[in-house]
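Remarks on the structure that follows.
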Amino acid sequence: MQVRRFLSYATSALLALLSGIAVSTANAVTVDVTIVNGATTIATGSFSYSSASPTIDYADLTAFTLMFDDGSGAVYNLSFVQNAPQYDYFAYQPSTNTLLTTSSNYAGIPDILSAIDDGFDYGFFLNPTALTYTDYAPLGGFDLPYTAIDLAVASAPLPATWTMMLIGLAGLGFVGYRQSRKGALPLAA
């Protein structure tokens, strides 16, 4: 009888641990993006992903927005950046919280973030070498200056945090089970 009860506790603890790991790895990470020129904000947005890849690209994203405040008011979304027919580039490294630069993309110009449609009449392009950006939307502009891209990761519990918490709860459950099996421990005199 007690072996059956122990197995029941052990099975419950193991299932709780495994479900906690599965849930924690599926949590999406959100990164807020701000592009500035000195004290002036040029564009704001965010992207989310749930991939475990060492480098994230547009295909790994579950959400994306980028809104330019440069007068064009252009807003780019996940559907656009994942399907920009002519040209797109995005590489984010979670371990260092940085966007990676490619050495030779469109016309040999290095860029750090881009998505442009077939007619080159809608989209964006950031050149990290010249510190310039192009907003192809109407009322946008070409070779406009920017000084920095700030990335802020929204805080979320790491998978290891959930795992350690569940292991601790399983351990407490096991101790409680052992205590109930043995009865109350005598107090030291």
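The values are calculated or read from the model by the stated rules, or taken from the named source; none is laboratory data. Keep in mind the model is a prediction, meaning the values are calculated, not measured. All Cβ positions, glycine included, derive from the backbone under ideal geometry; neighbour counts span all protein chains shown.
Which of the residues that make up segment 119-130 are more than 9 Å from TYR87 (Cβ to Cβ) and either part of a loop (DSSP other than H, G, I, E, B) or at pLDDT below 90 (or both)?
Narrowing segment 119-130 to residues more than 9 Å from TYR87 (Cβ to Cβ): 119, 121-122, 124, 126-130.
Scanning segment 119-130 gives GLY119, ASP121, TYR122, PRO128, THR129, ALA130.
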Revision key, fill the gap. When restricted to ALA52, ALA115, the only residue under 20 Å from the mean Cα position of the chain (by Cα), in contact (Cβ under 8 Å) with a residue 24 or more places away in the chain, over 14 Å from ILE35 (Cα atoms) and in a strand (DSSP E or B) is ALA115
Exercise for review: Just one of (1) at pLDDT below 95; (2) within 23 Å of ASP117 (Cβ to Cβ) trips up SER53, so point out which.
Suggested key: (2)
Exercise for review: Report the residue count in segment 57-79 for those that are touching a residue at least 40 places away in the same chain (Cβ under 8 Å), out of contact with any Leu (no Cβ under 7 Å at 6 or more places or on another chain) and outside any loop (DSSP other than H, G, I, E, B).
Suggested key: 3
Exercise for review: Residue by residue through segment 15-38, note down the ones that are over 21 Å from GLN82 (Cα atoms) and modelled with pLDDT of 95 or more.
Suggested key: VAL36, ASN37, GLY38
Check your understanding: modelled with pLDDT of 90 or more and either closer than 26 Å to VAL31 by Cβ or under 23 Å from the mean Cα position of the chain (by Cα) (or both): does that describe ASN83?
Key -> yes
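Any residue at all in segment 94-107 that's without any contact (Cβ under 8 Å) to a residue 40 or more places away in the chain, part of a loop (DSSP other than H, G, I, E, B), aliphatic (A, V, I, L, M) and more than 18 Å from ASP32 (Cβ to Cβ)?
Of the residues in segment 94-107, the ones without any contact (Cβ under 8 Å) to a residue 40 or more places away in the chain are 96, 101-107.
Those still in the list that are part of a loop (DSSP other than H, G, I, E, B) too: 96, 101, 103-105.
Cutting the leftovers down to aliphatic (A, V, I, L, M) gives us none.
No, segment 94-107 contains no residue that is without any contact (Cβ under 8 Å) to a residue 40 or more places away in the chain, part of a loop (DSSP other than H, G, I, E, B), aliphatic (A, V, I, L, M) and more than 18 Å from ASP32 (Cβ to Cβ).
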**Study point:** Breaking point among (1) at negative phi; (2) more than 16 Å from the chain's Cα centre (by Cα), for GLY73
**Key:** (1)
Check your understanding: Looking only at residues in segment 66-85 that are crowded, with 16+ Cβ neighbours inside 10 Å and of a type in the set (Ser, Thr, Tyr), which one is nearest to VAL33 (Cα to Cα)?
Key -> TYR76
**Study point:** Residue in segment 149-164 that is on the phi > 0 side of the Ramachandran plot and modelled with pLDDT of 90 or more present
**Key:** no
